[in-house]
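Step one of this worksheet: look at the structure below.
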Amino acid sequence: MAGLIRKSLDSPEEVRPFEEDKGRLELVNLDAGPVGRATFEPGWQWSKHVKPIAKTDSCQAAHMGYFVSGRMKVVMDDGEEAEYGPGDFGIIPPGHDAWIVGDEQCVVIDWQGFADYAKR
C-alpha cells in the first residue's frame with residue numbers, strides 16, 4: 001500500500017519559464033505523471049511564447065485542466081474555438097493555439113498535458 005503523498009505547487013520540483021517572461025509552468029511529479037500549475041501573463045500567446053520552445057506549428061499537448069483565474073481563448077487547427085475562465089474545466093486536444101483574453105493573469109492546473117510542455 002502506498003501511503004499518503006503531499007506535494008505543493010508552491011514548492012515546485014521544476015519551473016519552466018515561457019519566452020519574454022510571459023509566465024511559467026510549475027510542476028510536481030507523481031507516479032501517475034506530472035501535475036502542473038501554469039501562470040500565463042496578459043499578452044501571452046502559445047504561438048509567440050511557447051512555439052519557439054516546442055518547435056511545432058501548434059500546441060501538440062492534450063490538456064485536461066481547471067481554470068483558477070483569468071481568461072483564455074483556444075482555437076483548434078480546424079477552427080473550433082472556446083473561451084475558458086474561472087471555474088471552468090477544459091479538455092483540449094492536441095493541435096491548437098491559445099492566448100490570454102484581457103489584462104488578468106490566467107492560472108490553470110493541468111494534470112495531463114504538461115509533461116513536456118515548454119520543456120527546453
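So here's what we get for this one:
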| quantity | calculated |
| --- | --- |
| Answer residue from segment 85-120, given it is assigned to a strand (DSSP E or B) and aliphatic (A, V, I, L, M) and is nearest to Leu30 (Cα to Cα) among those | Ile109 |
| Test: residue in segment 47-57 that is under 12 Å from the mean Cα position of the chain (by Cα), under 19 Å from Pro86 (Cα atoms) and buried (at least 20 other Cβ atoms within 10 Å of the Cβ) | no |
| Out of Val74, Val107, sole residue that is touching a Phe, Trp or Tyr at 6+ places or on another chain (Cβ under 8 Å) and in contact (Cβ under 8 Å) with a residue 40 or more places away in the chain | Val107 |
| Residues of segment 70-79 satisfying the condition of being assigned to a strand (DSSP E or B) and either more than 16 Å from Arg37 (Cβ to Cβ) or β-branched (Val, Ile, Thr) (or both) | Lys73, Val74, Val75, Met76 |
| Failed item, numbered, when Ala61 is tested on (1) at pLDDT below 95; (2) of a type in the set (Gly, Ala, Ser); (3) crowded, with 19+ Cβ neighbours inside 10 Å | (1) |
| In segment 1-57, residue farthest from Pro94 (Cα to Cα) [restricted to those that are touching a Leu at 6+ places or on another chain (Cβ under 8 Å) and of a type in the set (Lys, Arg)] | Lys7 |
| Candidates Ala38, Ala61, Ala82 - the one that is part of a loop (DSSP other than H, G, I, E, B) and either among the aliphatic types (A, V, I, L, M) or under 22 Å from Ala115 (Cβ atoms) (or both) | Ala61 |
| Residue ID - surrounded by the fewest Cβ atoms within 10 Å (Cβ to Cβ), chosen from residues in segment 1-35 that are part of a loop (DSSP other than H, G, I, E, B), modelled with pLDDT of 95 or more and among the acidic types (Asp, Glu) | Asp10 |
| So Gly43, is it surrounded by fewer than 17 Cβ atoms within 10 Å (Cβ to Cβ), over 18 Å from Arg120 (Cα atoms) and either free of Cβ contacts under 8 Å to residues at least 24 places away in the same chain or out of contact with any strand residue (DSSP E or B) (no Cβ under 9 Å at 6 or more places or on another chain) (or both) | no |
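The values are calculated or read from the model by the stated rules, or taken from the named source; none is laboratory data. Note that the coordinates shown come from a computational prediction; the quantities given were computed from them, not determined experimentally. Cβ sites come from the backbone with ideal geometry, for glycine too, and all protein chains shown count toward neighbours.
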